[in-house]
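S.K.: Submitted below is the structure of interest, expressed as structure tokens.
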Amino acid sequence: GTGSAHPEAETTELPRDPRRLPPTPTPASIDPEAIEAGQRIADRYVVRGIVGRGGMGVVFRVQDELLGEEVALKVFHRAGAKERDVERFKDEMRICRRLAHPNIVRVFEFGAWAGNHFITMELLTGSDLDQMLRAQRGPLPLPMSLPLMIQACDGLGAAHKEGVLHRDIKPGNLFVLDEGRTLKVMDFGITKAQRVEGSLTATGTLVGSPAYIAPERLRGDGGDGVAADLYALGVVMYQMLAGQLP
């Protein structure tokens, strides 16, 4: 899976270094975990705080100095990255940029900086569905669940119409904004064009979270299409209404 590095309700402020005025020149290579508040990324994005960490990298709240607005910026870990993986990721980002839908998190830019690759996306405030279910410790009320489920279907359906599969639908990748009425499908970082067959990555790793993976994908018999995404979403819906996994 992709981990849970994504915009969340709270932002942890990073310590500021008062000596960093003006910002020091960008080093040839930097560990994403060492990035500090006030640091400028790609000569454009000023780090304001950290949003979250996951297996793929670190997400920061940054100020886009060119456009004068805040966005989320995810810096990916370099460990194990190969050129073909980077090219594949670029292809996927081109696909994701086509997904302009109110129930899908917008991806803005793909870039390279200090030996790392990064993407920028819209900055969200609220909590993911996994956090909501944990806080509820039981089923979510139907008047709350039904509109969120419809929006999840709308967002995922829009992606499928563009030939994009999510491949890791789970509560942690469904984000509910502060007011509790708007849901956005997020973390399409492991999507792929529908024309590509198979449920394994180039390294032979099964992509997805086990509780939500369709049986045909676990059997390895080529089930990795729209139906598998819908199966995962069905498991999420069951969990919302029953308060437990099926």
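S.K.: Please list, in chain and number order, the residues 5+ apart from SER127 or on another chain whose amide H is under 5 Å from its amide H, with Hs placed from the backbone.
M.R.: VAL176
S.K.: Assigning unit charges at the beta carbon (Lys, Arg +1; Asp, Glu -1) and nothing else, what dipole magnitude in debye, to the nearest 20, does segment 147-189 show about its Cα centre?
M.R.: Details: 5 positive and 6 negative charges, 24 e Å.
The calculated dipole for segment 147-189 is roughly 120 debye.
S.K.: Arrange the peptides 57-64, 233-240, 141-148 so that the one whose residues have, on average, the most other Cβ atoms within 10 Å appears first. Spell out each step's value before the answer.
M.R.: Numbers: 57-64: 23.1, 233-240: 19.2, 141-148: 13.8.
Ranking the peptides 57-64, 233-240, 141-148 by packing returns 57-64, 233-240, 141-148.
S.K.: Rounded to two decimal places and with Rh computed the Kirkwood way over Cα pairs, what is Rg over Rh for segment 112-196?
M.R.: Working: Rg = 14.8 Å, Rh = 14.3 Å.
Taking Rg over the Kirkwood Rh, I get 1.03.
S.K.: If you don't mind, there's one more thing I want to ask. Whole-Hz Karplus ³J(HN,Hα) for segment 231-246, in order, using 6.51 cos²θ - 1.76 cosθ + 1.60 and θ = phi - 60°, x for Gly and Pro?
M.R.: Once θ is set to phi - 60°, the couplings for segment 231-246 become 4, 4, 5, x, 4, 4, 4, 4, 4, 5, 8, 9, x, 7, 6, x Hz.
Every number in this text was worked out from the coordinates using simple rules, so none of it is lab data. On a predicted model such as this, the values are computed, not experimentally measured, just so you know. Glycine gets a Cβ as well: all are built from the backbone with ideal geometry, and neighbour counts include every protein chain shown.
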